[in-house]
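Note sheet for the following structure.
The values are calculated or read from the model by the stated rules, or taken from the named source; none is laboratory data. Not measured: the values here are computed from a predicted model. Reconstructed Cβ throughout: ideal geometry from the backbone, glycine too, with neighbour counts over all protein chains shown. Note: areas computed on protein heavy atoms with side chains; ligands, DNA, RNA excluded. Shrake-Rupley method; radii C 1.70, N 1.55, O 1.52, S 1.80 Å.
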Amino acid sequence: MVMQPNARPVPCASSPVSRAAQAANNSDDLTRLDDQAGGINYRFMVIAEVAPGLLPRVIQLVAKRGMAPTMFYATQKQTSAGLDCHLSMEVVGLEPVTAEMIGESIRQIPGIFEVTMTVGKADLGPCPG
């Protein structure tokens with residue numbers, strides 16, 4: 001995973017609220033990021049098997065909260081194991097606990113191999129290609 005300036009990875013834990021989300025709730029750093037950049041940006045990077053219903057299932061987790069991703073990018077990549085779908089979705093304005101719950105919900109979608117969430121100020125840079 002390539003880290004962008006002012007971003008840090010936050011693991012999606014198996015508990016409803018991980019230690020990372022609890023720390024983010026109490027973090028002065030995220031408050032400063034929110035004040036400086038007009039919002040905290042969450043980037044969800046997903047690797048999954050290629051399936052027709054994958055994209056709407058991922059977007060639905062943000063849409064049902066009355067929001068829309070500020071960026072969504074999907075591509076298929078050939079790997080030694082077969083064809084994988086690589087997704088990158090950015091959302092600004094989520095509460096840390098809500099972002100953690102979205103990450104956990106993405107992980108529960110059938111066919112998902114890996115979910116990584118990066119937290120930083122708005123505009124984490126170009127999406128991975």
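Does at least one position in the range 91-99 carry a residue that is modelled with pLDDT of 95 or more, of a type in the set (D, E, K, R) and over 10 Å from the mean Cα position of the chain (by Cα)?
Looking for residues that are modelled with pLDDT of 95 or more, of a type in the set (D, E, K, R) and over 10 Å from the mean Cα position of the chain (by Cα), one finds none in the range 91-99, hence no.
Does the range 86-111 hold any residues that are under 17 Å from P52 (Cα atoms) and assigned to a loop (DSSP other than H, G, I, E, B), and which are they?
The answer is I109, P110, G111.
Could you please let me know if E100 is touching a Cys at 6+ places or on another chain (Cβ under 6 Å), surrounded by 15 or more Cβ atoms within 10 Å (Cβ to Cβ), within 25 Å of G39 (Cα to Cα) and acidic (D, E)?
For E100, the condition - touching a Cys at 6+ places or on another chain (Cβ under 6 Å), surrounded by 15 or more Cβ atoms within 10 Å (Cβ to Cβ), within 25 Å of G39 (Cα to Cα) and acidic (D, E) - is not met.
Report, by residue number, each residue of the range 103-115 that is of a type in the set (S, T, N, Q) and either open to solvent by less than 30 Å² (accessible area, probe 1.4 Å) or closer than 13 Å to Q60 by Cα (or both).
Hit for the range 103-115 is S105, nothing else.
Regarding G82, is this residue loosely packed, with under 13 Cβ neighbours inside 10 Å and at positive phi?
yes
Among the listed residues F72, F44, which satisfies the condition of being modelled with pLDDT of 90 or more and closer than 14 Å to G103 by Cβ?
Of the residues listed, the single one that is modelled with pLDDT of 90 or more and closer than 14 Å to G103 by Cβ is F44.
Name the pairs: first residue in the range 56-85 and part of a loop (DSSP other than H, G, I, E, B), second residue surrounded by 15 or more Cβ atoms within 10 Å (Cβ to Cβ) and basic (K, R), Cβ to Cβ under 7 Å, at least 6 apart or on different chains?
none
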